[in-house]
Structure formats: structure tokens, C-alpha cells
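Beneath this line is the structure, given in C-alpha cells, with notes to follow.
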Amino acid sequence: MNEELKKELLEVARQAQRIGLCKHKSGNFSVRIPGTNKLYVTPSAIDREELTEDDLCIMDLDGNVLYHKEGVKPSSETMMHLEIYKEREDVKAIVHTHSKMATAFAVLAKPIPGVIFEAATLGLKEGYVPVAKYARPGTVELSKSVIEPIRISDMVLLEKHGVVAVGCDIKDAFLKAQYVEEIAEIYYMTLMINKGVEPPRFSVEELNKWKYPEKFSK
């Protein structure tokens, strides 16, 4: 079970780099170990394509490092991951990327509204991807800034920084990170076509109505 978790975590980290959501050793990823208060977290400053299972660090929710390979340190953003896990017990995995278009909106501290139906998968309780106020990366202030927005969304923009996605597993969190980049691109294009006029967006009620077709669930 745990070996499979580690493999999935590594594959997502590599895939995020391959498709351009992360570059230059940036971004970080974690997953809770089922039935424990522990998590696997990617290390700092190692190219994602070079990561091995032995490079993954093990931490508990109190921030204690339980395992790390010699010369390897947990991601500098680990405090942010810990705060999210403590705030939301339903979260089992976290993906933090620097995807270009979504980060552009983060630089502007501009929330991304639900303009296409993929937004229905992002847990947007208020109909948009919220922004966490600016704080320097790797600080307690950053980890605290995420708490309020993560209560209303499975996606958060980090002002002047990047994107955080949470999910029921690492694949779910990764899919949300991809969706928010797609939504950001489409939102940007509609603003350009519409000469800066905000496009129509889905209401929270409409987003919440979407369900997987019942006839295919049997």
C-alpha cells in the first residue's frame, strides 16, 4: 500500500514537470499515509525527474521529520502542507505548482471564476478560486494565509507565488491543478476577446448541481 502511494507521488511530481506545471525544481507534493498522522513529502531542490522513493521524506502533522535521506531536506513549503492537513481532515494529498496562467492571476491577486463546467470539480463553495494573501515562501505567515481560502475551495492561488490543489488522493489533487490552469487560460482568452469585460460565469448553485450520470454509475 505505502509503496504504491510513493510510486503515485513520484509519478505525479514527474508528470507535473513534464507538462510544464512546475519547472526548475519548483513545486512540491505530499500525500497522507492512511491510518496515521504521517505524510510523504517531496524534498527540496531535487529535479523531479531524478527523484527516487528513497528521496521522499516522512513527517508527522506536528512537523517532526521522521525520515530523510542524508543530505536531503523536506520541501521548504512543508509548513503550508501541514496547516492544510490539520485544517481539513478530508484532504489526503496536496499539489503545489507554479503553472503559468494561474500564477499570472495569482500575481494580480485576482480570483479565477467558474467560467467552464470543469470548475464543478474544484470544490468552489463560493464559485471562484480564492487568493491567499501574499507571504514569503516557506514562512509561517504563508502557511497561515492559506487556511481561510482552503475552507471554501479545493484550489487556492498564492498571491505572487503559485497554486495549491488538494484532493482525496494525489491523482485527484493533480487533476484539479491541471483543470485550474485550463480554466485560467480560457478565462484569460475570454477577457481578451471581450476587451476586458468580465465573461458570464456559473452560479454556485449551478456548479453544485453537476453529478456523474446515474445510468453509468451502476
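The values are calculated or read from the model by the stated rules, or taken from the named source; none is laboratory data. Predicted model only: the values in this text are computed from it and were never measured. Methodologically, a virtual Cβ is constructed for each residue, glycine included, from the backbone with ideal geometry; neighbour enumeration extends over all protein chains shown.
With respect to the numbered conditions (1) more than 30 Å from Pro200 (Cα to Cα); (2) free of Cβ contacts under 8 Å to residues at least 60 places away in the same chain; (3) of a type outside the set (Ser, Thr, Tyr), which one is the sole condition not fulfilled by Met79? (2) is the only condition that Met79 fails. In the range 11-26, the residues that are in a helix (DSSP H, G or I) form Cβ pairs under 7 Å with partners that are among the acidic types (Asp, Glu), at six or more places apart or across chains, as follows: Arg14/Glu49; Gln17/Glu49.
Of all residues in the range 16-27, those being surrounded by 15 or more Cβ atoms within 10 Å (Cβ to Cβ) and over 16 Å from Gly162 (Cα atoms) number 0.
Of the residues that sit in the range 137-151 and are over 14 Å from the mean Cα position of the chain (by Cα) and free of Cβ contacts under 8 Å to residues at least 40 places away in the same chain, which one is farthest from Glu126 (Cα to Cα)? The qualifying residue farthest from Glu126 (Cα to Cα) is Glu141.
From Ser76, Ser30, grab the single residue that is under 20 Å from Val164 (Cα atoms), assigned to a loop (DSSP other than H, G, I, E, B) and among the hydroxyl-bearing types (Ser, Thr, Tyr).
Being under 20 Å from Val164 (Cα atoms), assigned to a loop (DSSP other than H, G, I, E, B) and among the hydroxyl-bearing types (Ser, Thr, Tyr) holds for just one of Ser76, Ser30, which is Ser76.
Taking the stated definitions as given, is Leu39 modelled with pLDDT of 95 or more and out of contact with any Cys (no Cβ under 7 Å at 6 or more places or on another chain)?
yes
What pairs can you find where one residue is in the range 101-116 and closer than 12 Å to Tyr188 by Cβ and in contact (Cβ under 8 Å) with a residue 60 or more places away in the chain, the other is part of a helix (DSSP H, G or I) and of a type in the set (Asp, Glu), and their Cβ atoms are less than 7 Å apart, with a gap of 6+ or different chains? From residues that are closer than 12 Å to Tyr188 by Cβ and in contact (Cβ under 8 Å) with a residue 60 or more places away in the chain, the pairs are Met101/Glu181; Met101/Glu185; Ala102/Glu181. The residue of the range 37-51 that is surrounded by the most Cβ atoms within 10 Å (Cβ to Cβ), among those that are under 14 Å from Val91 (Cβ atoms) and touching a residue at least 40 places away in the same chain (Cβ under 8 Å), is Leu39.
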